[in-house]
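Input: a single structure, listed below in structure tokens.
The values are calculated or read from the model by the stated rules, or taken from the named source; none is laboratory data. Keep in mind that what you see is a predicted model, and the values were worked out from it rather than measured. So basically every Cβ, Gly included, is an ideal-geometry build from the backbone, and we count neighbours across all protein chains shown. SASA here: full protein model, heavy atoms, side chains in, ligands and nucleic acids out. Shrake-Rupley method; radii C 1.70, N 1.55, O 1.52, S 1.80 Å.
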Amino acid sequence: MAVSQKVIITCAITGSGHTPSMSPYLPYTVEQVVEQGVAAAEAGATVLHLHARDPEDGSPTADPAIFAKYARGISDRSDVVISISTGGGTGMTVQERLEGVLELKPELCTLNLGTMNYGSFPMIDRYRDKFRYDWEEPYLESTRAEPFVSTYSDIEHMLTQVGPQTGTRFECEAYDIGHLYTLAYYLDKGLIKAPIFVQTIFGTMGGIGPDVDHIVHMKRTADRLLGDAYQWSTLGAGRYQMGIVTAAAIMGSHVRVGLEDSLYLGKGELAESNAAQVLKIRGILEALSLEIATPAEARELLGLKGLSSVGY
């Protein structure tokens, strides 16, 4: 893969892994998500990665009406690219997780490349007796027994049905080396077309660890399997966020930050907004003489259909 001339900054605004008790700055009302999304775009984010939450208590939801409020509120004020997650939250069916994409037909949506034991339960001990809502601790505990499910059948449904029906392209999430081989299989079969947007993920429980050696290994494997068919992006979970994405950016990666991936701006310092993380990584990238891609440039790099063709 040739090193991109400009870096796409993706910002994952809220996610479904963290809960409201963990940070007063984690957005979960519609107004909060829209305001933080617009501010992140103004700070330099090119793509906004969105999960949906119940505006009353912050619990994960797949309700397409909430996704629509986010997307419309943001797109009224910004031309940023919106990527809707199909990851949803633990306990949701695949059908529920796809509702937002099928209805809103965004430019991007996520495609998780395999079933995995995505573990959020270790966070319980840190926040025990501090949870504001009754759903939070049981939800985190459920990840001990319930995996995130994305079977080959689910992936093929995304590639052969969801993509063609909506015109939506994919943010392909690779949590481990095997996921890249799965992606290469579908590339060889002709079910996914270049340019492929690959998001390599480091430091989540159940996925590959947050080591620079692993970044190099993932990149070399992707280069060997995918050749010049992909655009590479990277995220680091938790305290590894800025170090991982900085190391990857030096190797030619696009980057992802946001309160979904980490609640902190630095050691012991909660990020007061998504925009704060975007501004931090933007400063690092510019100090490395790397240029930030605009939404228009990202659309060209990723082969997206454009805002005029979305369903919201």
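Quick look at the values:
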item: Extreme residue, nearest to residue 162 (Cα to Cα), among residues of segment 75-94 that are at pLDDT 95 or above and in a loop (DSSP other than H, G, I, E, B); result: 86
item: Top-ranked residue of segment 160-180 - restricted to ones that are polar (S, T, N, Q) and under 10 Å from residue 105 (Cα atoms), ranked as surrounded by the most Cβ atoms within 10 Å (Cβ to Cβ); result: 168
item: Segment 256-275 - residue that is in contact with a Leu (Cβ under 7 Å, 6 or more places away or on another chain) and crowded, with 22+ Cβ neighbours inside 10 Å and, of those, farthest from residue 50 (Cα to Cα); result: 271
item: Contacts under 6 angstrom Cβ, first residue in segment 272-291 being in contact (Cβ under 8 Å) with a residue 60 or more places away in the chain, partner in a loop (DSSP other than H, G, I, E, B) and open to solvent by less than 30 Å² (accessible area, probe 1.4 Å), 6 or more apart; result: 274/13; 274/258; 274/259; 277/271; 278/44; 278/45; 282/44
item: Subset tally (residues that are farther than 18 Å from residue 83 by Cα, touching a residue at least 24 places away in the same chain (Cβ under 8 Å) and of a type outside the set (S, T, N, Q)) for segment 176-192; result: 11
item: Only one of 72, 97 that is open to solvent by less than 60 Å² (accessible area, probe 1.4 Å), in a helix (DSSP H, G or I) and charged (D, E, K, R); result: 97
item: Condition broken by residue 131, with the remaining ones in (1) in a loop (DSSP other than H, G, I, E, B); (2) closer than 25 Å to residue 228 by Cα; (3) open to solvent by less than 60 Å² (accessible area, probe 1.4 Å); (4) among the hydrophobic types (A, V, I, L, M, F, W, C) satisfied; result: (2)
item: Selection count, segment 14-59, where residues are over 14 Å from residue 275 (Cβ atoms) and in a helix (DSSP H, G or I); result: 5
item: Residue, most open to solvent (accessible area, probe 1.4 Å), within segment 137-158, restricted to residues that are among the hydroxyl-bearing types (Ser, Thr, Tyr) and assigned to a helix (DSSP H, G or I); result: 152
item: Any helices (runs of 4 or more DSSP H) falling wholly within segment 163-230 and containing at least 3 residues that are among the β-branched types (Val, Ile, Thr); result: 212-226
item: Criterion violated by residue 57 - all others in (1) within 24 Å of residue 282 (Cβ to Cβ); (2) open to solvent by 30 Å² or more (accessible area, probe 1.4 Å) satisfied; result: (1)
item: Residues of segment 100-126 classified as surrounded by 16 or more Cβ atoms within 10 Å (Cβ to Cβ) and either hydroxyl-bearing (Ser, Thr, Tyr) or without any contact (Cβ under 8 Å) to a residue 12 or more places away in the chain (or both), total; result: 3
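For every residue, the table says whether it meets (1) at pLDDT 95 or above; (2) among the aliphatic types (A, V, I, L, M); (3) surrounded by fewer than 22 Cβ atoms within 10 Å (Cβ to Cβ).
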{"site": "213", "(1), (2), (3)": "yes, no, yes"}
{"site": "222", "(1), (2), (3)": "yes, yes, no"}
{"site": "225", "(1), (2), (3)": "yes, yes, yes"}
{"site": "235", "(1), (2), (3)": "yes, yes, no"}
{"site": "254", "(1), (2), (3)": "yes, no, no"}
{"site": "280", "(1), (2), (3)": "yes, no, yes"}
{"site": "292", "(1), (2), (3)": "yes, yes, yes"}
